[in-house]
Amino acid sequence: MPILQKQESPAQVGEATRRANQVRNIANRSTKQMLRDVSQGLDAIWTASDPAAVLAELGTDAQAAFELNTATVTFLATTLAGGDYQEELDEILAKVAAIPAFTVAGDGSVTLD
């Protein structure tokens, strides 16, 4: 996706060029931030010494957290595949693939199988 390519900005540019560059920069910053946030969220659970305890602490928020993460990863994979952020995306997809089997209870809590 061309808008998500890293851009260089000349020192003297007109308003339209400056604003277009601003849009590109914002798109890149927000993309990097989403990638970082998803990665950190996954690590918060799955690199813990006791992931089951983290899930227990999340309680009924666990299902919503899993659903939000799934939707965000799907969006990132669809949007960024084959682009400048493929390496970061691959790292996240590897983390997702390593998630152990789990069960979502009717109340929204999640337990490991």
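Please treat every number below as a calculation from the coordinates, not as lab data. From a predicted model like this one, the values you see are computed outputs, not experimental measurements. Note that we place each Cβ from the backbone using ideal geometry, even for glycine, and neighbour counts take in every protein chain shown.
Things to note:
- Selection within the stretch 61-83 - hydrophobic (A, V, I, L, M, F, W, C), without any contact (Cβ under 8 Å) to a residue 24 or more places away in the chain and either under 18 Å from ASP113 (Cβ atoms) or in a helix (DSSP H, G or I) (or both): LEU68, ALA71, PHE75, ALA77
- Any hit, the stretch 28-39, residues being over 30 Å from LEU4 (Cβ atoms) and part of a helix (DSSP H, G or I): no
- Residues of the stretch 35-60 that turn out to be in contact (Cβ under 8 Å) with a residue 40 or more places away in the chain and either on the phi > 0 side of the Ramachandran plot or surrounded by 16 or more Cβ atoms within 10 Å (Cβ to Cβ) (or both), as a count: 7
- Residue selected from the stretch 84-113 under the condition in contact (Cβ under 8 Å) with a residue 60 or more places away in the chain and part of a loop (DSSP other than H, G, I, E, B), by the criterion surrounded by the fewest Cβ atoms within 10 Å (Cβ to Cβ): ASP84
- Apart from one condition, VAL13 fits all of (1) in a loop (DSSP other than H, G, I, E, B); (2) out of contact with any helix residue (DSSP H, G or I) (no Cβ under 9 Å at 6 or more places or on another chain); the exception is (2).
- Any hit, the stretch 93-102, residues being at negative phi and within 10 Å of the chain's Cα centre (by Cα): yes
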